[in-house]
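Trainee: Below you'll find the structure I mean.
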There are 4 protein chains.
Amino acid sequence: MTNLVYRRQFAIEWGHCDPAGIVFNSRFFEFFDWSAWLLFEAALGVRPAELGTTFGIVGIPLVDAKARFCKPARFNDVADIASEVSEFRRSSFEVKHRISIDGELAVEGSETRVWAAQDPSDPVKLKGIPIPAAVIERFRAA
Amino acid sequence: MTNLVYRRQFAIEWGHCDPAGIVFNSRFFEFFDWSAWLLFEAALGVRPAELGTTFGIVGIPLVDAKARFCKPARFNDVADIASEVSEFRRSSFEVKHRISIDGELAVEGSETRVWAAQDPSDPVKLKGIPIPAAVIERFRAA
Amino acid sequence: MTNLVYRRQFAIEWGHCDPAGIVFNSRFFEFFDWSAWLLFEAALGVRPAELGTTFGIVGIPLVDAKARFCKPARFNDVADIASEVSEFRRSSFEVKHRISIDGELAVEGSETRVWAAQDPSDPVKLKGIPIPAAVIERFRAA
Amino acid sequence: MTNLVYRRQFAIEWGHCDPAGIVFNSRFFEFFDWSAWLLFEAALGVRPAELGTTFGIVGIPLVDAKARFCKPARFNDVADIASEVSEFRRSSFEVKHRISIDGELAVEGSETRVWAAQDPSDPVKLKGIPIPAAVIERFRAA
């Protein structure tokens, strides 16, 4: 069994780039975040804005994010991003992202996210709750 | 009588700049927005996050924003921004912003904002309500 | 004769939105900027990154930008943006942008840009130069 | 001997926050980047924009960035960020950043950066070069 991989393509815009003419690092975390939402939509058939109400969670907040920059992405490059959940734990999971340009890996990253509900003992806090098995199995490729 | 003017100074960061080495235009609207909040804090003595509950509004949403770029702002420049409410109308107002670098005007902009409450006939909509006279007079300089 | 109109569709991402759940104003100026580049690519058949070298200019810098916010854009909305050059002057031009959501106008904006070369009397300055007639006619729809 | 620690304080702005009312993750990488430049300025007495020409490098590009989010940062919070070079290697180094709010750790991150010059065999590529000992010793606290 393999993981469902969500792929999209996007252009590197002028506003993404810094005075060195390459994508400013924080932008990659925006690209990752949006691909994480789209991966969930592809797997679960639920629009990002409805993820919370559909599953009784408040969201899938990030607890950790990282990126390794292998090759610069420049203005006008076409980026291919491939995203998958590489591991599900009890109430958290890892999303791996790989961004390639012209077939070469440019950036590799990962996000740790929590399947989160409101903490009943403190409504301003969030708390991880068990990820349903039915959710997890939707992230396996057919 | 003159208007209260809120001034702050900030540095132009690497991440604010584009491949031409100058601040990317959208960043100026971030600078304007934050100065609008700080101007309100200075005038009213209320922290931005408490503006809504203190005055029974949902916020001061933007309906119009504009900027004129006179002189580029570059990485490492020190920007001076001066902001004031140039006009109060019944339920909306104009915030004028001037950003100078080394004493020369770099960007001039303005925002039209609404003193907004929830529309009683449609809770997802906002509606301008009269700005209290006591609010307006706090924006006059002593 | 009508103007060439460049249209694209994009999703409103989580990271575009502010605590009110709507797109933060500065993001619209990013959307405008990228559509301006793509309009030029569509009209001239030249990739944004090659616009300068192809036409002997340093770029098409902004001197003025404005937006009018009619209807909020929310997380997960699908935005349609239509962009055209509404007026060419000797060395500057207006780009008009209209963003619609579900067929209703959400934001209307415009940018004034300059067809700019290096100023021969001062290499760190830019200077508008005449826009070639052959460029202008490419912005008329067939 | 201890490391030189660069500290600054900044406010969490409306435009930094997402629909959950907390800082959107990519913003932290902007905060880290700017503190890295300021740390270098504090240690070396050289303005960020002059770092390259002063030391014969093209810059200090990122090859890796990561963040761990411990506690949400909200609109109007005052953030304290402390940054230091935690390790110098031959031609790369680690910058550690800790962001606290009300004295509690909110985000912890690190950046791996390279002391980079143009690659003589390929001018569009960068290459790490040895970090001068005189540079390294400036990052020790008195």
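Trainee: How many nanometers, to one decimal and shortest first, lie between the label point of B:Asn3 and those of its other copies, if labels sit 7 Å from Cα toward Cβ?
Mentor: Here the equivalent label points are 3.0, 4.6, 5.3 nm apart from this one.
Trainee: In square angstrom, rounded to the nearest 10, how much accessible surface does A:Thr2 have for a 1.4 Å probe?
Mentor: Around 90 Å² of this residue is reachable by solvent.
Trainee: While we're looking at this one, here's another question. When we measure straight from the Cα of B:Lys127, which lysines land under 23 angstrom away, once same-chain ones fewer than 8 places off are left out?
Mentor: Leaving aside lysines fewer than 8 places away in the same chain, those within reach of B:Lys127 are B:Lys66, B:Lys96, C:Lys66, C:Lys71.
Trainee: Given the protein chains as shown and a 1.4 Å probe, how many square angstrom of C:Ser100 are accessible, to the nearest 10?
Mentor: Counting only protein heavy atoms, C:Ser100 exposes about 30 Å² to solvent.
Trainee: Per DSSP H run of n ≥ 4, the term is -39500 (n - 2.57); total these for chain A, divide by its residue number, and report the mean residue ellipticity at 222 nm rounded to 500 deg cm²/dmol.
Mentor: -6000 deg cm²/dmol
Trainee: Taking 7 Å along the Cα-to-C-beta vector as the label spot, tell me the D:Val63-B:Arg7 distance in nanometres, rounded to one decimal.
Mentor: My value for the distance between the label points is 4.6 nm.
Trainee: Separate question: Taking only Cα atoms and a 10 Å spring cutoff, compute GNM fluctuations for chain C and point out the largest among C:Asp18, C:Asp33, C:Asp80.
Mentor: In the Gaussian network model the winner is C:Asp18.
Trainee: With every protein chain kept in the model, how would you rank D:Leu39, B:Leu4 by accessible area, 1.4 Å probe, largest at the top?
Mentor: Ranking D:Leu39, B:Leu4 by accessible area, largest first, yields B:Leu4, D:Leu39.
Trainee: Treating the point 7 Å from Cα along Cα-beta-carbon as the label, what are the nm separations from A:Asp102 to the other copies, to one decimal?
Mentor: A:Asp102 label point versus its equivalents elsewhere: 3.8, 4.4, 5.2 nm.
Trainee: Work out from phi, with θ = phi - 60° and the Karplus expression 6.51 cos²θ - 1.76 cosθ + 1.60, the ³J(HN,Hα) of each residue of the stretch D:78-95, listed in order in whole Hz, and give x for Gly and Pro.
Mentor: 9, 9, 10, 10, 10, 10, 8, 7, 8, 7, 9, 10, 3, 9, 9, 7, 9, 10
Trainee: Length gain on complete extension for the stretch D:Ile136 to D:Thr53, per 0.36 nm per residue less the alpha carbon to alpha carbon distance?
Mentor: Net length gain for the segment: 28.1 nm.
Trainee: How big is the protein assembly as shown in terms of Cα radius of gyration and Dmax, in angstroms?
Mentor: Cα only, the protein assembly as shown: 24.1, 74 Å (Rg, Dmax).
Trainee: On the principal axes of its Cα set, how long, how wide and how thick is the stretch B:61-103? Give whole Å, largest value first.
Mentor: Cα spread of the stretch B:61-103 along its principal axes, largest to smallest: 40, 16, 16 Å.
Trainee: Explain nothing, just compute: Karplus ³J(HN,Hα) = 6.51 cos²θ - 1.76 cosθ + 1.60, θ = phi - 60°, for every residue of the stretch D:112-118 in order, whole Hz, x for Gly and Pro.
Mentor: Whole-Hz 3J(HN,Hα) from phi for the stretch D:112-118: 9, 10, 10, 8, 10, 10, 5.
Trainee: Let me check I have the definition right: for the stretch C:45-142, take the eigenvalues of the Cα gyration tensor, multiply each by 5, take square roots. What are those semi-axes in whole Å, largest first?
Mentor: 30, 15, 12
Trainee: Pop out the ³J(HN,Hα) list for the stretch C:10-15 in order, Karplus 6.51 cos²θ - 1.76 cosθ + 1.60 with θ = phi - 60°, rounded to Hz; leave Gly and Pro as x.
Mentor: 8, 8, 7, 8, 3, x
Trainee: Not counting ligands, DNA or RNA, and with a 1.4 Å probe, what is C:Phe55's accessible surface area in Å² rounded to the nearest 10?
Mentor: 60
Trainee: Classify the stretch D:2-73: rounded, prolate or oblate, from the alpha-carbon gyration tensor (a ≥ b ≥ c, eigenvalue square roots; a/c under 1.5 rounded; otherwise prolate if a/b is larger than b/c)?
Mentor: prolate
Trainee: Sticking with this one: For A:Gly52, go 7 angstrom from Cα along the Cα-to-Cβ vector, then report the distances to that same point in the other copies in nm, smallest first.
Mentor: 1.2, 4.3, 4.3
The values are calculated or read from the model by the stated rules, or taken from the named source; none is laboratory data. Keep in mind it's a predicted model, so treat the numbers as computed, not measured. For neighbour counting, all protein chains shown are included, and Cβ atoms are generated from backbone atoms with ideal geometry for every residue, glycine included. Note: accessible area is taken over every heavy atom of the protein model, side chains too, but ligands, DNA and RNA are not part of it. Shrake-Rupley method; radii C 1.70, N 1.55, O 1.52, S 1.80 Å.
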